[in-house]
Amino acid sequence: MRAQPKASHFIDGEYVEDAAGSVIESIYPATGEVIARLHAATPAIVEKAIAAAKRAQPEWAAMSPTARGRILKRAAEIMRERNRELSELETLDTGKPIQETIVADPTSGADSFEFFGGVAAAALNGDYIPLGGDFAYTKRVPLGVCVGIGAWNYPQQIACWKGAPALAAGNAMVFKPSENTPLGALKIAEILHGAGLPKGLYNVIQGDRSTGPLLVNHPDVAKVSLTGSVPTGRKIYEAAAAGLRHVTMELGGKSPLIVFDDADLESAIGGAMLGNFYSTGQVCSNGTRVFVQRKVKDAFLARLKERTEAIVIGDPMDEATQLGPMVSKGQRDKVFSYIEKGKAEGARLVTGGGIPNAVNTEGTYIQPTVFADVTDEMTIAREEIFGPVMCVLDFDDEAEVVARANATEFGLSAGVFTADITRAHRVVDQLEAGTLWINTYNLCPVEIPFGGSKQSGFGRENSVAALNHYTELKTVYVGMGKVEAPY
Ligand code: NAD
């Protein structure tokens, strides 16, 4: 098997196996080939990982942030040196084209280690609070053992986006990747330890939805950070609440992307395509409700159809391929069922909707799909599809589109394309979302906070803000005089 790791789990600085766990088959979505066979964590493996993290964390927390940061920055360098190998593994794990993974996956993980390795020393400071003689100060202290639970769309990036701020702040992590994409996180653990991370601080265990609760309910776990769907988020939040554990929730979305009639149409179409077809549409922040002002609707759709039909679909390992398969058969079936609902409820299929020609029929390929004349109440306009399906809706004026854009339980992202700078800021001000873009879409560099509002979650990843979510404040009041007691 071409991607078989040394063992299923990485605990306390080494690969560990426990064949008693149920089998997880890793399938290459482009061919249906089994590329690795792993075992889900048994309760003994979960205990081993948490015990290692608990043991290693205090010494790590006692190091200076600069010394911790040096190790993370070394890990970033190794990731960049090994970018090709890591990208190929990410392509095997997910089916995403190498054209994407080589620029977007390990590199964004490396950015994260580099950024948090650098800012740790400057951003973990507290405050001095003068009290007229007495004074107080605050310290940002790590939480302890943090659990990360990942989705399957950006396995390496998610493993790094959670690991980097957690480690920079002095925590230890136990990370569970999605059962669909178990391979990348093991390499991240290996690289971190190769960079000098002391044993036990970044552990990876495999498992599915039955393994997650063993981590979330564990009394030694201080925090859970999830990237996943809203229903999973609810379950984990509820379980974490029982132990009053900290949580970060990066959940799903149904984000609006608004194109006004004065926008640069080629850019707006490019933004809409990136925000619906990149990673075969498997991106949480995608702008899947594309509101186009009526005057430019026909021109928008004609050019969108032309550009969509020119997308190169094929072997993900071929550098010319722009669109790969979906991550799994189950996910593709789900997307097809939404396409059928779209047609049944009266949306107009502009392009796509089926299986592309000239691809490996064992692969889980799907055509990039555009629906027009979509209305707000249609299922495809309300529910997260998580595939390459763009819904185009028409609108007439600004107030109307803002109200319709906000009429959703989700609040992850939103975008506006317009040449009117005042309108751009006025509209984003009113849109209910955590991450917004003006005249671009889906760019998430590590320097800026990323996360959702409403049902799309809370807490933020990336930027200095993420450090706050992996630390808590300790306040120290210092009495400088005699204690005056009334008794
Ligand atoms: P999912 O919710 O099915 O699974 C996510 C992870 O949670 C997996 O590792 C899974 O094993 C685990 N899990 C499931 N049930 C659990 C439970 N009860 N307790 C503990 N762990 C449990 O999501 P998915 O299908 O892997 O990913 C797709 C979803 O993730 C989409 O909704 C997408 O929008 C969302 N997502 C969000 C972001 C973001 O940053 N906001 C990024 C990527 C994906």
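Given Cβ point charges of +1 (Lys, Arg) and -1 (Asp, Glu) and nothing else, what value in debye, to the nearest 20, does the dipole of the stretch 368-426 about its Cα centre take?
So the magnitude is around 260 debye.
Return the carbon/sulfur percentage of the accessible area of the chain, one whole number, probe 1.4 Å, all protein chains in place.
Heavy-atom surface of the chain belonging to carbon and sulfur, 1.4 Å probe: 54 percent.
Residue by residue through the stretch 442-459, which ³J(HN,Hα) values in whole Hz follow from phi under the Karplus form 6.51 cos²θ - 1.76 cosθ + 1.60 (θ = phi - 60°), with glycine and proline marked x?
6, 7, 9, x, 4, 5, 10, x, 10, x, x, 10, 6, 6, 7, x, 7, x
When the Kirkwood hydrodynamic radius is evaluated over all pairs of different C-alpha atoms of the stretch 402-487, what value in angstrom, to one decimal, is obtained?
Evaluated on the stretch 402-487, it is 15.9 Å.
Using C-alpha positions alone, give me the convex hull volume of the stretch 232-306 per residue in cubic angstrom.
Numbers: hull volume 8.2 nm³, N = 75.
Spelled out: Cα convex hull of the stretch 232-306, divided by residues, is 109 Å³.
Give the distance, in whole Å, between the Cα centre of the stretch 357-405 and the Cα centre of the stretch 152-221.
33
If you keep only loop residues by DSSP, which GluC sites (Glu not before Pro) in the stretch 268-364 have at most 13 other Cβ atoms within 10 Å of their Cβ?
Listed in order of number, the matching sites are 319.
By accessible area of protein heavy atoms, probe 1.4 Å, what ranking do 426, 460 get, highest first?
Reading off the accessible areas and sorting them downward yields 426, 460.
By what distance, in whole Å, do the Cα atoms of the stretch 245-286 stretch along each of the three principal axes, largest value first?
That works out to 48, 22, 12 Å along the principal axes.
Could you give the dipole magnitude of the stretch 1-106 about its Cα centre, charging the beta-carbon of Lys and Arg +1 and that of Asp and Glu -1, in debye to the nearest 20?
With only Lys, Arg, Asp and Glu charged at Cβ, the dipole is about 440 debye.
Given R₀ = 51 Å, what would the calculated FRET efficiency be for residue 242 paired with residue 477, taking r from the Cβ atoms and rounding to 0.05?
Details: r = 32 Å, r/R0 = 0.62.
The value I calculate is 0.95.
Can you tell me the Rg and Dmax of the stretch 15-106, counting just the alpha carbons, in angstroms?
Considering the stretch 15-106 through its Cα atoms, Rg and Dmax are 17.5, 48 Å.
Which of the listed residues, 300, 445, 174, is farthest toward the dipole's positive end in the chain, when Lys, Arg count +1 and Asp, Glu count -1 at the beta-carbon?
174
Thinking of the stretch 409-449 as a set of Cα atoms, what percent of all their pairs are more than 15 Å apart?
Summing the P(r) tail past 15 Å for the stretch 409-449 gives 40 percent.
Hey, can you grab everything whose amide H is under 5 Å from the amide H of residue 252? Only 5+ residues off in sequence or another chain; H modelled, so Pro and N-termini drop out.
230
Through the Karplus equation 6.51 cos²θ - 1.76 cosθ + 1.60, θ set to phi - 60°, convert the phi angles of the stretch 111-123 into ³J(HN,Hα) values in whole Hz; use x for Gly and Pro.
3, 5, 5, 5, 5, 6, x, x, 7, 3, 5, 9, 10
Determine the dipole magnitude for the chain: charges of +1 sit on the beta-carbon of Lys and Arg, -1 on that of Asp and Glu, nothing else is charged, the reference point is the Cα centre, and the result goes in debye to the nearest 20.
Details: 47 positive and 58 negative charges, 245 e Å.
Rounded to the nearest 20 debye, it is 1180 debye.
Enter the mean projected area of the convex hull around the alpha-carbon atoms of the stretch 158-294, in nm², rounded to one decimal.
So the Cα hull casts an average projection of 10.8 nm².
Nearest 10 degrees is fine. How inclined is helix 230-242 to the longest principal axis of the chain, computing both from alpha carbons?
20
Bin width 10 Å, origin at 0, all Cα-Cα pairs of the stretch 310-446: what percent of pairs per bin?
11, 33, 34, 19, 3, 0
Just to confirm the number: angle between the C-alpha axis of helix 294-309 and the first principal axis of the chain, 0 to 90 degrees, nearest 10?
Roughly 80 degrees, rounded to the nearest 10.
Identify, among 118, 431, 359, the residue whose Cα sits farthest towards the positive end of the charge dipole of the chain, taking +1 on the Cβ of Lys and Arg and -1 on the Cβ of Asp and Glu, with the dipole about the Cα centre.
After comparing all options, I get 118.
Among 232, 257, 218, whose Cα sits farthest toward the positive end of the charge dipole of the stretch 181-300 (+1 at Cβ of Lys/Arg, -1 at Cβ of Asp/Glu, about the Cα centre)?
Among 232, 257, 218, the one farthest towards the positive end of the dipole of the stretch 181-300 is 218.
List the lysines whose Cα lies under 28 Å from the Cα of residue 482, skipping any in the same chain that are fewer than 8 positions away.
139, 474
Determine how many Å³ per residue the convex hull of the Cα atoms of the stretch 130-234 encloses.
It is 142 Å³ per residue.
Any idea what log10 I(q)/I(0) is at q = 0.06, 0.13 Å⁻¹ for the chain, Debye with uniform C-alpha scatterers and no solvent?
-0.28, -1.20
Considering only the chain, what is the antiparallel percent among its DSSP beta bridges, to the nearest 5?
Details: 28 of 65 bridges.
Bridges in the chain that DSSP calls antiparallel: roughly 45 percent.
Please compute one quarter of the surface area of the Cα convex hull for the stretch 58-205 and express it in square nanometres.
So the Cα hull casts an average projection of 9.1 nm².
Rg/Rh for the stretch 132-190 to two decimals, with Rh computed the Kirkwood way over all alpha-carbon pairs.
Result: Rg/Rh = 1.25.
The values are calculated or read from the model by the stated rules, or taken from the named source; none is laboratory data. These numbers come from a predicted model, not from an experiment. Using ideal geometry, Cβ is built from the backbone for each residue, glycine included, and neighbour counts are taken over all protein chains shown. SASA here: full protein model, heavy atoms, side chains in, ligands and nucleic acids out. Shrake-Rupley method; radii C 1.70, N 1.55, O 1.52, S 1.80 Å.
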